[in-house]
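All remarks here apply to the structure that follows.
The values are calculated or read from the model by the stated rules, or taken from the named source; none is laboratory data. Not measured: the values here are computed from a predicted model. Cβ atoms come from the backbone with ideal geometry, glycine included; neighbour counts cover every protein chain shown.
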Amino acid sequence: MSESVIVTSKRREATRQKLLDAAAQVFAEVGLDAASVEAICERAGFTRGAFYSNFETKDELMLALTERTAEEKIELVTERIQALRATGEQFSPAELVQRVLDVAMDEKMGILLTSEIRTRALRDPALAQAYLAWQAGLIERVAAVIEELGRTYRLSPRLPARDFAQLILQQWEDTSAYAVMAGLDTDALCTLANERTAQLAIALVDPA
């Protein structure tokens, strides 16, 4: 790959990330439906042409933002596991789950974004296909984390890692959506989601 191609690729990725950053800000300020492509471009300092060279639709941008947020959470969880492993300490399943989930905090906008994507995907087959493909990849990433925890701390899950991951993610999403509808603030939302997800995770692991 030539140097010019590498530079162009980096510039394109930088533009894409700035658009995602701008979208997150605009979504938080005016909501998902009211956020226009023009407002996102203006916030990012780009033209509509720059937007449409990176995303075909606002829905595609929303999905990309959801993907980025989830990836950031996976990275935080992975870093936490590495830090816990470096201590050499042993933890009970309950302690381990709480310590790992403690870093995977959700915000209201992220939950609304995921819910909106799922609602739109029900009406748009192309978006549904893209969402399901992303979700399958996310399940595999979480399953890999579960397998690593099992090896490191000699845990015995009662289900295959992929099934375990799917249930954990579903519990997290359902509880988070409930917390938003109930009007809980961010701290209370995270506490409830962590507690219920931890309860399920502990129930799915055989006692040491």
Of Ala201, Ala208, which residue is in a loop (DSSP other than H, G, I, E, B), at pLDDT below 90 and either at positive phi or not polar (S, T, N, Q) (or both)? Ala208
If you check Ser176, Ser156, which single one turns out to be among the small types (Gly, Ala, Ser) and surrounded by 13 or more Cβ atoms within 10 Å (Cβ to Cβ)? Ser176
Taking region 191-204 as the region of interest, how many residues are within 18 Å of the chain's Cα centre (by Cα), farther than 13 Å from Leu169 by Cα and touching a residue at least 12 places away in the same chain (Cβ under 8 Å)? 1
Among the residues of region 123-145, is any assigned by TED's automatic domain parsing to the domain that holds Val100, at pLDDT 90 or above and under 14 Å from Pro93 (Cβ atoms)? no
If I filter region 84-101 down to residues being in a helix (DSSP H, G or I) and either of a type outside the set (A, V, I, L, M, F, W, C) or not assigned by TED's automatic domain parsing to the domain that holds Tyr153 (or both), which single residue comes out as surrounded by the most Cβ atoms within 10 Å (Cβ to Cβ)? Pro93
Need pairs with beta-carbon distance below 9 Å; first residue in the same structural domain as Ile81 (by TED's automatic domain parsing) and within region 148-160, second assigned to a loop (DSSP other than H, G, I, E, B) and of a type in the set (Gly, Ala, Ser); sequence gap 6+ or separate chains. Tyr153/Ala208; Arg154/Ala208; Leu155/Ala208; Ser156/Ala208
Taking region 163-190 and the residues there that are among the charged types (D, E, K, R) and within 17 Å of the chain's Cα centre (by Cα), the one that is nearest to Val145 (Cα to Cα) would be Glu173
If the requirement is being farther than 25 Å from Val180 by Cβ and in contact with a Phe, Trp or Tyr (Cβ under 7 Å, 6 or more places away or on another chain), which of these qualifies: Ile146, Ile117? Ile146
Taking Leu113 and the conditions (1) over 30 Å from Pro157 (Cα atoms); (2) modelled with pLDDT under 90; (3) surrounded by fewer than 18 Cβ atoms within 10 Å (Cβ to Cβ); (4) not β-branched (Val, Ile, Thr), which numbered condition does it fall short on, given that it satisfies the others? (3)
Taking first residues from region 136-147 that are without any contact (Cβ under 8 Å) to a residue 40 or more places away in the chain and second residues anywhere that are among the aliphatic types (A, V, I, L, M) and surrounded by 15 or more Cβ atoms within 10 Å (Cβ to Cβ), the pairs with Cβ under 6 Å that are 6 or more apart or on different chains are Ile139/Ala165; Ala143/Ala161; Ala143/Ala165; Ile146/Ala161; Ile146/Ala165; Glu147/Ala161
